[in-house]
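Data first, discussion second: the structure below is written as structure tokens.
The values are calculated or read from the model by the stated rules, or taken from the named source; none is laboratory data. None of the values given here were measured: they were computed from a predicted structure. Positions of Cβ are backbone-derived with ideal geometry, glycine not excepted, and every protein chain shown enters the neighbour counts. Surface areas here come from the heavy atoms of the whole protein model, side chains and all, with no ligands, DNA or RNA. Shrake-Rupley method; radii C 1.70, N 1.55, O 1.52, S 1.80 Å.
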Amino acid sequence: MGKIVLVTGGARSGKSSFAEKYAARYGQQIAYIATAQVYDAEMAYRVSLHKKRRPPAWQTYEAPYDAHEALAAAGQAHDLVLFDCLTLYISNLLCAQADSSDEAANYALLREKMSLLLEQAKANRGTTIFVTNEVGAGIVPENQLARAYRDLSGLANQMAGAAADEVYLVACGLAVNIRRLAENWED
């Protein structure tokens, strides 16, 4: 059964860098699942920063949609898969919906896609590191799409956190294992 590691934090907190260092330390054959789609110069720059940091031996799979399929393929050939990132993946899914204001459909889609991802990560033989953003720590967004994105991201993070063997919160470039510190309220 595969191991799941969740790395979360705010924008520019150092979470991707930490996840890359974790992957380099514990993986031998590493795959990188990229969920970003490049639509403008800002995103192109961000993607270029990520690419520059990755060793050339890491195999990249681009998966803006149906990422569980890329995770299955990567898991067959690699002992560690770095998935960066869940919140961009959710954005892709949400923006592809014909009606992003249908909350019931959004939640159903999110639960389906996250379940597929987490089931596949557990089915893989090695470790899957999911990188995600904490997007709900600020003010309530003023528009429906931003609120839906915030809510779906929070639900996805909860699902991933519940399934993860290790959970790290990164702030100021420093990672804290919050799974180790968490209280167990299930008993």
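Quick notes on this structure:
- Any hit, the range 82-90, residues being β-branched (Val, Ile, Thr), without any contact (Cβ under 8 Å) to a residue 60 or more places away in the chain and buried (at least 23 other Cβ atoms within 10 Å of the Cβ): no
- The test for being more than 19 Å from Glu119 (Cα to Cα) and in contact with a Lys or Arg (Cβ under 6 Å, 6 or more places away or on another chain) holds for Gly9.
- Residue in the range 133-140 that is in contact with a His (Cβ under 8 Å, 6 or more places away or on another chain), among the hydrophobic types (A, V, I, L, M, F, W, C) and surrounded by fewer than 21 Cβ atoms within 10 Å (Cβ to Cβ) present: no
- Every pair of residues 6+ apart whose Cβ atoms lie under 9 Å, when the first sits in the range 29-51 and is in contact (Cβ under 8 Å) with a residue 12 or more places away in the chain while the second is of a type in the set (Asp, Glu) and open to solvent by less than 30 Å² (accessible area, probe 1.4 Å): Tyr32/Glu20; Tyr32/Asp84; Ile33/Asp84; Ala34/Asp84; Thr35/Asp84; Ala36/Asp84; His50/Glu20; His50/Asp84
- Of Asn157, Asn143, Asn177, Asn184, all but one fail to be in contact with an Asp or Glu (Cβ under 9 Å, 6 or more places away or on another chain) and either surrounded by fewer than 16 Cβ atoms within 10 Å (Cβ to Cβ) or of a type in the set (Ser, Thr, Tyr) (or both); the exception is Asn177.
- Only a single criterion out of (1) open to solvent by 10 Å² or more (accessible area, probe 1.4 Å); (2) modelled with pLDDT of 95 or more; (3) closer than 30 Å to Tyr107 by Cβ; (4) not hydrophobic (A, V, I, L, M, F, W, C) is not satisfied by Gln59, namely (3).
Residues checked against (1) farther than 23 Å from Val38 by Cα; (2) touching a strand residue (DSSP E or B) at 6+ places or on another chain (Cβ under 6 Å):
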{"residue": "Tyr61", "(1), (2)": "no, yes"}
{"residue": "Leu80", "(1), (2)": "yes, yes"}
{"residue": "Asp84", "(1), (2)": "no, yes"}
{"residue": "Ser91", "(1), (2)": "no, no"}
{"residue": "Leu94", "(1), (2)": "no, no"}
{"residue": "Ala98", "(1), (2)": "no, no"}
{"residue": "Ala108", "(1), (2)": "yes, no"}
{"residue": "Arg111", "(1), (2)": "yes, no"}
{"residue": "Gly126", "(1), (2)": "yes, yes"}
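- Scanning the range 1-56 for residues that are under 22 Å from Ala77 (Cβ atoms), more than 17 Å from the chain's Cα centre (by Cα) and modelled with pLDDT under 85 gives a single hit, Arg53.
- Residues within the range 63-78 that are under 16 Å from Ala36 (Cβ atoms) and not hydrophobic (A, V, I, L, M, F, W, C), tallied: 3
- Of all the numbered requirements in (1) within 24 Å of Ser13 (Cα to Cα); (2) touching a residue at least 60 places away in the same chain (Cβ under 8 Å); (3) in a helix (DSSP H, G or I), Ala121 misses one, and that requirement is (1).
- Residue count, the range 95-123 (criterion: surrounded by 15 or more Cβ atoms within 10 Å (Cβ to Cβ), of a type outside the set (A, V, I, L, M) and touching an Asp or Glu at 6+ places or on another chain (Cβ under 9 Å)): 3
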